[in-house]
Amino acid sequence: MNIKKWVTVTSILTSAIFSHLALANTLSVTKITTNKGNVSDQGVSVLDNLEQSGQQDNWNTYLEMAPNSKKFVGIFHFNQPIDDDWQQMIVNVNTLGESSDTQRWKFQLRDFSRNKWVTIGDNNEADAWIWHHQTFSIDQDIQNFINSSGNIKLRYLSNNAVDISNVDLATIELVTDEVVEPPPPPPPPSEGDWWQPSPDENITWQWQINGTLDTSLNVDMYDIDLFDTSTEQIAALKASNRIVVCYFSAGTYEGWREDWQTFFPFIEGDAYSGSQAPFAGNMADWDERWLDISRIDLLEDIMRSRMQLAVAKGCDAVEPDNMDAYSNSAETGIALTAQDQLNYNRFIAELAHEYGLSVGLKNDVEQLPELVDYFDWALNEQCFQYNECNGYDVFVNAGKAVFGVEYSGDASQFCAQAHSQNLNWLKKKLSLNAWRLGCEDYD
């Protein structure tokens, strides 16, 4: 038997599983039986989705496991139609409680062939009263854990009665050994008459998405906020021969953007804090939430509406932000793959071109080679600070301009590097207001 444990679901794990194995079935808890202690009555359906992280405490989204005077012992039951082809079992859980030095909680699977419980994980690496998302993978002897009636039993138990434990997620995924080659990428978009800047043009530009818009700068291109900039301001910029790029976030939910309520009626008020698809975990340090970008079916209408708004306002191009959700799985709380991100980014690029808009690839440095044929230019934050700028050679060599900013460092030094690599760079403040230092001043 080979049991693997991952404390946190990562994009590496997801890629390893889903690049080579077809996810065949996800099982939900059908009932819970207790030998010792009791379970709160919210209903087992709350265990179907991961909804809690950090110190969140939404009572309606989890079950409370309370020990009796000695301990808690409960069994989660799953039902699976008999099938001999399963090659991998993946147990997903999200729990909150005491740290293991105070109270140890264990997950065990029933091995029906040996009539014994097999421990697959515990709370050894969990912090006290911080939600702890774990994934356990069983790669051998899968059928030993499925009885003749197709029942799977997952036992959860404590070693004492010190306190309760909360469970927000408990699902089992069964996977076949079918090799799944990623589908061939769609053909690159045909050339259009939209803006396609070249690195040889040495374009000067301004990026301002906060504060009162300063339109007086002598630059070739303005990158401004799609929602907060008026049609009249955009028209004035274009009348003075400026290219206008319109910024919006394509990978996160910003509660203050009114269009969300139009397309997702279950959102009430100024912000949504639930986890109904396509909403995912909170973005660290920002008042935004990641989106489940694998759900293009749910996101297409709102993103199409934003492209239409860009056209109606007169934007020449769009800058869709946060195009790297798959590499932030610790925050998203969902298992997005690199292929999910490629599919979504290509979808956004093709949607922009459908409306005759130029489109730039924002960050997503690891996927530049796979996406260069779909985007007209690129925009990066802090690649000199993080030593990632060489990756943009693929855009420059393809004759596509690369724009970028640094928020720290000596402009004279990184500007010299930018010039040597044919990149169009600025120094900006994190607030992204009107202040700028352009590298054209360091020739």
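The values are calculated or read from the model by the stated rules, or taken from the named source; none is laboratory data. Bear in mind the structure is a predicted one, so any value in this text is a computation, not a measurement. All Cβ positions, glycine included, derive from the backbone under ideal geometry; neighbour counts span all protein chains shown.
Listed values, structure above:
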| quantity | calculated |
| --- | --- |
| Residue within the stretch 35-48 that is hydroxyl-bearing (Ser, Thr, Tyr), surrounded by 12 or more Cβ atoms within 10 Å (Cβ to Cβ), part of a strand (DSSP E or B) and modelled with pLDDT of 95 or more present | no |
| Criterion (closer than 25 Å to ASN38 by Cβ, assigned by TED's automatic domain parsing to the domain that holds HIS77, surrounded by 15 or more Cβ atoms within 10 Å (Cβ to Cβ) and among the acidic types (Asp, Glu)) met by exactly one of ASP111, ASP122 | ASP122 |
| Test for ARG295: is it more than 12 Å from the chain's Cα centre (by Cα) and basic (Lys, Arg) | no |
| Residue match in the stretch 363-383 (condition: over 19 Å from PRO320 (Cβ atoms), touching a helix residue (DSSP H, G or I) at 6+ places or on another chain (Cβ under 9 Å) and either among the acidic types (Asp, Glu) or free of Cβ contacts under 8 Å to residues at least 12 places away in the same chain (or both)) | no |
| Considering residues of the stretch 125-168 that are within 30 Å of the chain's Cα centre (by Cα) and outside any strand (DSSP E or B) only, the residue surrounded by the fewest Cβ atoms within 10 Å (Cβ to Cβ) | ASP127 |
| Selection status of ILE82, under 30 Å from the mean Cα position of the chain (by Cα), modelled with pLDDT under 95 and either farther than 28 Å from ASP141 by Cβ or not basic (Lys, Arg) (or both) | no |
| The stretch 303-312: number of residues that are crowded, with 19+ Cβ neighbours inside 10 Å and of a type outside the set (A, V, I, L, M) | 1 |
| Qualifying residue in the stretch 279-297 (condition: touching a Pro at 6+ places or on another chain (Cβ under 7 Å) and either touching a residue at least 40 places away in the same chain (Cβ under 8 Å) or among the polar types (S, T, N, Q) (or both)) | yes |
| Qualifying residue in the stretch 314-323 (condition: in contact with a Ser or Thr (Cβ under 8 Å, 6 or more places away or on another chain), assigned to a helix (DSSP H, G or I) and at pLDDT 95 or above) | no |
| Test result for SER69, out of contact with any strand residue (DSSP E or B) (no Cβ under 8 Å at 6 or more places or on another chain), in a loop (DSSP other than H, G, I, E, B), in contact (Cβ under 8 Å) with a residue 40 or more places away in the chain and surrounded by fewer than 21 Cβ atoms within 10 Å (Cβ to Cβ) | yes |
